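One structure is given below, encoded as structure tokens.
What follows is calculated from the coordinates using simple rules that are stated; it is not laboratory data. All of these numbers come straight from a predicted model, not from anything done at the bench. Don't worry about glycine lacking a Cβ; one is built from the backbone with ideal geometry, like all the others, and counts go over all protein chains shown.
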Ligand SMILES: CC1=C(/C=C/C(C)=C/C=C/C(C)=C/C=O)C(C)(C)CCC1
């Protein structure tokens with residue numbers, strides 16, 4: 001298990017962070033046409049401000065912040081999964097995008113509550129909630145909705161979804177998350193960005209993306225390291241998962257909001273006027 005916690009933090013830093021490492025370019029595309037050279041100030045203030053709010057949320061109301069973060073993440077992952085789908089209702093997005101949470105919460109409640117107790121320590125709520133029949137039924141319903149919804153999008157989408165459900169059901173929740181987040185969500189986003197960077201030579205495009213996303217990803221990883229250092233005094237494994245998870249959520253929320261504001265097809269490498 002400590003190995004999983006270490007892999008969680010390292011892979012999130014190395015593969016997960018870079019997929020949001022070009023957010024400043026998306027921000028520039030969104031803000032510069034309206035605000036000219038003031039875009040940098042606005043972007044930095046907005047992004048950092050949202051990060052601070054999320055951090056404050058974890059300190060003041062951890063459960064609300066956890067629930068809000070899981071819902072936002074589900075919508076974000078759901079949108080990425082159903083980019084080509086025309087049927088993007090909120091319930092479907094949440095059902096599909098949240099599978100990485102719903103499936104282990106339903107089928108591995110014991111391990112899942114242990115992880116939750118590391119993320120939000122001293123709270124009895126997760127273990128009381130997760131084992132209730134109402135919660136289990138709701139989770140089951142979400143999983144069924146996701147399967148039906150993806151098969152309606154096409155056989156391939158349905159089969160991929162079943163494959164992921166199998167992974168989330170049988171691998172430890174952190175491993176399932178890493179396979180999905182690093183091996184699928186971030187990987188596809190990096191491929192998409194590499195194509196934007198250099199359509200005729202995606203390999204060169206990939207190098208450019210890696211290079212350009214270095215400052216923001218390094219900054220985010222350093223912040224997580226700082227969180228680790230500040231929360232000293234706990235056993236290593238829960239602490240790694242807590243620092244990794246809270247750090248991830250702090251940088252993920254502004255990323256999710258930004259990507260709702262900017263249309264998917266816009267190239268972040270294109271020159272922006274003025
Ligand atoms: C609650 C919970 C999980 C959910 C993590 C989520 C929801 C992460 C979302 C990340 C995002 C949206 C990154 C941005 O790009 C895990 C790790 C599966 C298991 C431990 C408990």
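Annotations
- Note on residue 222/residue 60: beta-carbon distance plugged into 1/(1 + (r/R0)^6) with R0 of 22 Å gives a FRET efficiency of 0.35.
- For the pair residue 35 and residue 155, the difference between a 0.36 nm per residue extended length and the Cα-Cα distance amounts to 38.7 nm.
- Solution diffusion estimate, µm²/s, Stokes-Einstein, region 24-261, Kirkwood Rh from C-alpha pairs, 37 °C, viscosity 0.692 mPa s: 170 µm²/s
- Principal-axis analysis of the Cα atoms of the chain puts helix 2-11 at an angle of about 20° to the longest axis.
- Contour minus Cα-Cα distance for residue 192 and residue 53 (0.36 nm per residue): 47.1 nm
- Stretch gain in nm, segment residue 114-residue 145, where the contour uses 0.36 nm per residue and the Cα spacing is subtracted: 8.5 nm
- Helix 155-170 and the longest principal axis of the Cα set of the chain meet at an angle near 50°.
- Relative to the longest principal axis of the Cα atoms of the chain, the long axis of helix 23-35 makes an angle of roughly 50 degrees.
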